[in-house]
Amino acid sequence: MRKIIYTPTGRAGEYGKYAVNLFEGCSHGCTYCYAAGMFCKAKDRPRKDFHASPTPKIDALARLERDLHKLHGESVFMSFSCDPFPPEYELREITLQAIGKILHYGNAVNILTKGGMRARECFSTLTSTPFMKPLQNKLGATLTFVTPSLSAKYEPFATLPDSRIEMLKTAHDMGIYTWASIEPVLIPSESLEIMRIAIPYVDEFKIGKLNHHPEAEKAIDWKKFAKEAVRLMEYSNKKYILKADLKKYYE
């Protein structure tokens, strides 16, 4: 069986040492999705196939458990090319089993999702396995827009911003370490506003930009956005990381 836990490289490497993608495809339908483009290129299939019917990778849980036998005391990130908490209940069940296995083998899990309150299904599991810092379970949300109509336009089947904020607030109140991925940034004012709203419920922000869309990127003043994002973080005394692609504009 092929490995399913891998070491991400490039921009993805900024999120963690180990990662796992349990599914192929994602039904959130995000128009900016880089994974969908890679899927089309690799499989020679239309983009709609990536979003239409996500499926579990072959022997996903068996491969995960085999890889976990060689891993101990590490954090495993999920996910880059799919969402751990998609609309499909049967896929979320696989995610919950995977989280249980990761924790059982003495590792922590670092989750990033646009699934909003669907992620509450894992709250009890995350809180029942305490870790000593820096190894701890983390739960993050991708925050892109504050305006629901914009979210619905660019992320048509992901949960709306309110649900993602509610997820972060509920998890934070339960003592779960929360974080937010501010990436991609399509409209800087939207990203800054959703950051302001999320500040009370987020332990750490990871702030990036928009990549793989050259024409759109040229329309944004990244130096100004980086400066305003850092000012907001410093004023709020929040832990934050500027991803390398944005950090170069701030420096």
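The values are calculated or read from the model by the stated rules, or taken from the named source; none is laboratory data. Here the structure is a predicted model, which is why all the values come from computation and not from measurement. No Cβ is skipped: glycine too gets one built from the backbone with ideal geometry, and neighbour counts run over all protein chains shown.
Here's the yes/no breakdown for (1) basic (Lys, Arg); (2) at pLDDT below 75:
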| site | (1), (2) |
| --- | --- |
| Thr7 | no, no |
| Arg11 | yes, no |
| Glu14 | no, no |
| Phe23 | no, no |
| His28 | no, no |
| Tyr32 | no, no |
| Ala35 | no, yes |
| Arg47 | yes, yes |
| task | Go through (1) surrounded by 20 or more Cβ atoms within 10 Å (Cβ to Cβ); (2) aromatic (Phe, Trp, Tyr); (3) over 25 Å from Val202 (Cβ atoms) one by one and return the number of the condition Phe77 breaks. | result | (3)
| task | Collect the residues in the stretch 191-228 that are aliphatic (A, V, I, L, M) and within 13 Å of Ala180 (Cα to Cα), keeping them in residue-number order. | result | Leu192, Ile194, Met195, Ile197, Ala198, Ile199, Val202, Ile207
| task | Could you tell me whether the stretch 228-237 includes any residue that is among the charged types (D, E, K, R), touching a strand residue (DSSP E or B) at 6+ places or on another chain (Cβ under 9 Å) and not in a loop (DSSP other than H, G, I, E, B)? | result | yes
| task | Consider Tyr235 carefully, then state whether it is farther than 15 Å from Pro188 by Cβ and more than 23 Å from the chain's Cα centre (by Cα). | result | yes
| For the stretch 205-248, what are the residues that are within 20 Å of Gly13 (Cβ to Cβ), surrounded by fewer than 17 Cβ atoms within 10 Å (Cβ to Cβ) and free of Cβ contacts under 8 Å to residues at least 60 places away in the same chain? | Lys239, Lys247, Lys248
| said: Being outside any helix (DSSP H, G or I) and of a type in the set (Asp, Glu) is the filter here; which residues of the stretch 238-251 pass it? | reply: Glu251
| Can you spot a residue in the stretch 132-153 that is more than 20 Å from Val20 (Cβ to Cβ), aromatic (Phe, Trp, Tyr), surrounded by 15 or more Cβ atoms within 10 Å (Cβ to Cβ) and in contact (Cβ under 8 Å) with a residue 40 or more places away in the chain? | yes
| note | Wholly inside the stretch 107-218, strands (runs of 3 or more DSSP E) that include 3 or more residues that are among the polar types (S, T, N, Q), more than 14 Å from the chain's Cα centre (by Cα) and over 30 Å from His69 (Cβ atoms) are none
